[in-house]
Amino acid sequence: MKLAKRNYRKEYDKFQSSRKEKKNRAGRNKNRRKYLKLGLVKKGDGNDIHHKGDKLKVMKASKNRGIPEKSRLKGSKRK
């Protein structure tokens, strides 16, 4: 079975360029800049700003990106 080639342009147009997603991304960037100004993170230091709701904390990128999404856990009804 041959997989269809991904159309990245179509994915961008559908999701990343939506008003809602642009607003979310701008908020994440604003928080990153705030933490840079406070000196809690630096460019290239390997840290991410972990966000859950309104709570923010500095976390190693490898650990933050390794957290499984609830939708991918065993027993999830969402697909």
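Only the coordinates and a few stated rules stand behind these numbers; no lab work does. Please read these numbers as outputs of a predicted model, since none were measured by experiment. Cβ sites come from the backbone with ideal geometry, for glycine too, and all protein chains shown count toward neighbours.
Key figures for this structure:
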{"quantity": "Pair list, Cβ under 8 Å, 6 or more apart: the range 14-30 residue small (Gly, Ala, Ser), other residue surrounded by 11 or more Cβ atoms within 10 Å (Cβ to Cβ) and in a helix (DSSP H, G or I)", "calculated": "none"}
{"quantity": "3 or more residues of a type outside the set (D, E, K, R): qualifying helices (runs of 4 or more DSSP H) within the range 8-73", "calculated": "19-38, 61-64"}
